[in-house]
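Notes follow the structure.
All of the numbers you see were taken from the coordinates with simple rules; none came from a lab. Quantities reported herein were computed from a predicted structural model and do not represent experimental measurements. Don't worry about glycine lacking a Cβ; one is built from the backbone with ideal geometry, like all the others, and counts go over all protein chains shown.
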Amino acid sequence: MLFKINKLWFKLILLCAFLSLFVNIIFSVSRFPVILSTLALSFRDLSLLFLALFWPFLIKRKLNYLTFYVYFLYCITIIAFFIQVSFIKNYAPIFNAISISRIVLALPILSIVFCIVCKENDIKGINKMIEKWFLIFLIICLIESILLVIGQYQNYLSFIGFSNYMSSKGVSSGTAFGFFGSRIITPMFNASVGGMVLAFLVGYYLQSKKYTLALLALIPLLFTVSKTGYLIALIFIISRSKSYVMFLLAGCSYLALSILFLDAQAIQQLGLPTDVLRHMASVKYHMKGLVTGVDHFMLPVGLGNAGTIVGVDMPELIGRESGFGTGIATSGIFYLISFGVASIIFVKKYKTSGLLICSAYFMVSLMNEASSTFYIWVPIILLFLSHDKNNKERINYKHHINI
């Protein structure tokens, strides 16, 4: 066995990481009843929610004031939600509204899980295991890319049962407007989310000096046509050692550009190809989600009244397609406080790696709603923290040898 884990909650986190990457394709290919995939997805989400809620009863360590503050805000948000659904009209059913907490409470939940529940000795040694998961993920993406180029992608989707699986869940995932007519959906069945994961994989391989694997990860990333993924990869390529600075600059620039907003007519007059204009329209839609969220900062609408909830028609689209916009619209100042304190905890605990995670999450949550959910970041954070831990051990070992 590669390493010994004697903490049940850390095993749950590792299982969530695995489910985050492969649960959709596993259940789609297996043709299991939709109830099983729903239970697996619910377990993935609820396990982290419960870990974040009950961690003071699971550990025997003295509470840090910052982590206790995030926990307090986390509990207050939950209490406020139940008060809200009792007195304020909710457009979404309670179960669907709770699902938005994956976006609103993402960073606080992750800070609790990784800084409190996960001890550093638990993270030690998982590097090889996490790398194997991502290597399998990359191989599947490369196979998809090859099938796309040779014109067999629709046959691939039929083989894995993509359409039937998605329709049985009552959801959809767009594959249109790619370079070869389609975008690859990746094992996560979402081109934008999969592109983001591939982009971080590119960054990880660059930091690990595995340049061949980084190049291989770039290939399927291109075919996802994920704008957020492109930007993440570009930042890692341009500035590997100071990537967090670029993430912060990109995030702040996007925020300023969203508030000033784009002139859609001016873009159309540039004479760009139709597919490019479609993706530019998509960018505008994401920006609108951020702007509408900021507009409701002083008077938040609560969970269930902002963001994207499948099958629910709202009189006003607020925060849609922007994780940060959804958070601001639902919780206002409480979202900013919990976001800020959680960021401080990550930076204080993990130094440069923590700053990289928080700055990258900030940029992604501004631009994309689906990519800001907490379960997607579980394997990404494990990947970078385990890499950072192993690097420190190698440095300490070399220093000891020199002495």
Quick one: Cα centre-to-centre distance for segment 200-252 and segment 101-131, in angstrom? 21
Could you please rank VAL149, VAL291, placing first whichever residue has the fewest other Cβ atoms within 10 Å of its Cβ? VAL149, VAL291
Just check segment 68-204 against the gyration tensor rule for me: Cα atoms, a ≥ b ≥ c as the square roots of the eigenvalues, rounded for a/c under 1.5, and otherwise prolate or oblate depending on whether a/b exceeds b/c. oblate
Taking the chain as a Gaussian network, where each spring joins two C-alpha atoms under 10 Å apart, which residue of SER28, SER243, SER163 fluctuates the most? SER163
Going fewest to most other Cβ atoms within 10 Å around each Cβ, TYR65, TYR153, TYR91, TYR211 line up as TYR65, TYR211, TYR91, TYR153
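Rank these for me by crowding, CYS252, CYS141, going from fewest to most other beta carbons within 10 Å. Write out the running numbers ahead of the final one.
On the way: CYS252 13, CYS141 26.
Arranged by neighbour count, lowest to highest, CYS252, CYS141 become CYS252, CYS141.
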Once a ≥ b ≥ c are taken as the square roots of the eigenvalues of the Cα gyration tensor of segment 135-231, is the result rounded (a/c under 1.5), prolate (a/b larger than b/c) or oblate (a/b not larger than b/c)? prolate
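Show me the trypsin sites (Lys or Arg not before Pro) within segment 203-259 that DSSP assigns to loop and that have at most 14 other Cβ atoms within 10 Å of their Cβ. Spell out each step's value before the answer.
On the way: sites: LYS209, LYS210, LYS227, ARG240, LYS242; in loops: LYS209, LYS210, ARG240, LYS242.
Here the sparse-neighbourhood loop sites are LYS209, LYS210, ARG240, LYS242.
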Pairwise label distance in nanometres, LYS242 with LEU317, each label 7 Å out on the Cα-Cβ vector: 3.9
With each pseudo-label sitting 7 Å past Cα toward Cβ, what's the MET129-LEU53 distance in nm, one decimal? 2.6
Residue ranges of DSSP H helices in the chain that stretch 15 Å or more (Cα, own long axis) and have mean Kyte-Doolittle hydropathy of at least -0.5 are 8-30, 34-58, 65-87, 127-149, 191-207, 211-224, 227-238, 243-260, 274-295, 333-367, 374-402
